[in-house]
Amino acid sequence: MSARSGRVKGVNGNLVTVEFNESVSQNEVAYVVQGDLRLIAEVIRVRGRYADMQVFESTAGITVGDPVEFAGDLLSVELGPGLLATVYDGLQNPLNVIAERHGFFLPRGEQTEALPRDQVWEFAPRAAAGDRVRAGDTLGVVTEGIFEHRVMVPFGVGGVVPVDQSRTIDPLGPEFTLARFERLFAEYPKPNHPIKAFLINRPRLRGFGNGYMQEMLFRAGIQPTRKVASLDRDERKRLHRAVRGVLAEATRKGGSADTCDIYGRPGGYVKALGARVKSCTVCRTPIQKKSFLGGATYYCPGCQKEPG
Ligand SMILES: [Zn+2]
């Protein structure tokens with residue numbers, strides 16, 4: 001966060017005039033700070049030591065003297081996989097996330113990640129080791145529905161692709177055997193990581209989302225916080241079967257019932273866990289929620305017992 005700041009000098013509707021101490025750029029993003037609230041605004045005019053800003057939220061309660069922080073960058077939109085299936089407010093806050101947190105009414109000062117950080121996508125490389133790339137070249141693509149998101153070299157970056165783009169394993173393919181799965185466990189560098197991290201990172205396994213990972217752990221009867229190294233052979237075997245089982249069922253049924261394809265058709269896979277599931281469909285135990293690794297994970301304490 002930039003240290004450049006200012007103080008509110010006047011409020012007129014959604015326009016706020018700010019006196020600043022250093023320098024401010026036209027169209028720069030700024031935040032009016034009110035206690036815990038940070039109201040986003042954009043600089044629309046600079047006159048001497050004063051900047052006029054348009055605040056994109058209700059300015060009720062903003063008073064002369066309120067602190068203002070300048071962000072140092074322009075108003076921008078985040079692009080990437082997950083964008084197409086999400087509905088946003090005007091500041092790119094995902095409405096489903098806000099609804100989960102606050103219900104029907106959008107509070108002021110809400111800032112949410114525009115794209116889900118805990119969802120894993122399949123990356124198909126287009127550049128190979130040894131290729132020379134420069135800004136704007138496509139390194140690979142991520143497919144969302146019928147669209148391809150290109151992952152491109154950013155401005156100011158270029159060089160030779162050094163990494164070994166080894167092939168990923170299709171969890172539904174013949175090569176995803178129990179022995180191969182065991183090897184992924186043995187090769188995993190962080191035995192003290194939670195098993196959920198293993199499923200997120202799994203270096204060679206093709207992508208699936210957070211929602212399916214918790215389904216897999218539920219079917220295997222394993223708590224998401226269990227350490228990778230603590231799983232015994234039987235549990236690894238159950239997890240291997242659950243990975244295949246969940247993905248096979250989801251594929252057969254056209255995806256999850258709580259998401260739609262890009263034509264608005266919901267899938268037929270009904271998840272056992274999620275924000276709306278109150279108690280376990282198998283044992284009736286109330287579903288628990290744990291927040292870690294940048295997302296919420298649901299589990300059934302009855303079916304997914306701690307060992308011993
Ligand atoms: Zn249960």
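Throughout, read-outs are computed from the coordinates displayed, never taken from laboratory work. Predicted, not measured: the structure shown is a model, and the values here were computed from it. Backbone-built Cβ (ideal geometry, glycine too); neighbour counts: all protein chains shown.
Taken over the Cα atoms of the range 5-74, the convex hull encloses 73 Å³ per residue.
Note on His149, His240: ascending count of other Cβ atoms within 10 Å places them as His149, His240, the fewest first.
So what is the diffusion coefficient of the range 18-59 in µm² per second by Stokes-Einstein at 20 °C and 1.002 mPa s, using a Kirkwood Rh over Cα pairs? Working shown, then result.
On the way: Rh = 10.6 Å.
Answer from the Stokes-Einstein relation: 203 µm²/s.
To the nearest 0.05, what FRET efficiency results for Lys290 and Arg108 with a Förster distance of 25 Å applied to their C-beta separation? Calculated value: 0.30. Looking at the range 175-277, which GluC sites (Glu not before Pro) are DSSP coil and have at most 12 other C-beta atoms within 10 Å of their C-beta? Sites meeting the loop and neighbour criteria: Glu175. Scattering from the C-alpha atoms of the chain alone, worked out with Debye: what is log10 I(q)/I(0) at q = 0.16 1/Å? So the normalised log intensities work out to -1.27. As a length-normalised measure over Cα pairs under 8 Å and 6 or more apart, the relative contact order of the range 5-74 settles at 42 percent. Spin-label model, Arg241/Asn14: points 7 Å from Cα along the beta carbon direction are separated by 5.8 nm.
With the Cα gyration tensor of the range 1-140 giving a ≥ b ≥ c as the square roots of its eigenvalues, does the rule (a/c under 1.5 for rounded; else a/b larger than b/c for prolate; else oblate) give rounded, prolate or oblate? Walk me through the numbers before you get to the answer.
Numbers: a/c = 3.18, a/b = 1.56, b/c = 2.04.
Oblate shape, in that a/c is at least 1.5 and b/c is the bigger or equal ratio.
Just want the ordering: Thr285, Thr63, from fewest to most Cβ atoms lying within 10 Å of their own Cβ.
Details: Thr285 14, Thr63 9.
Listed from fewest to most nearby Cβ atoms, that is Thr63, Thr285.
Magnitude of the Cβ-charge dipole of the range 178-299, K/R +1 and D/E -1, about the Cα centre, nearest 20 debye? In debye, rounded to 20, the range 178-299 gives about 120.
Going from the residue with the fewest nearby Cβ atoms within 10 Å to the one with the most, Tyr188, Tyr269 rank Tyr188, Tyr269.
Here the calculated FRET efficiency for Lys190 and Arg49, from their Cβ-Cβ distance with R0 = 45 Å, stands at 0.30, rounded to the nearest 0.05.
Return, ordered by residue number, the residues of the range 265-305 whose backbone nitrogen is under 17 Å from a label point located 7 Å along Cα→Cβ of Asn201. It comes to 292-295, nothing else.
The separation of the range 113-145 from the range 36-50, counted between C-alpha centres, amounts to 35 Å.
Each semi-axis of the equivalent ellipsoid for the range 70-151 is √(5λ) with λ an eigenvalue of the Cα gyration tensor; in descending order they amount to 31, 17, 9 Å.
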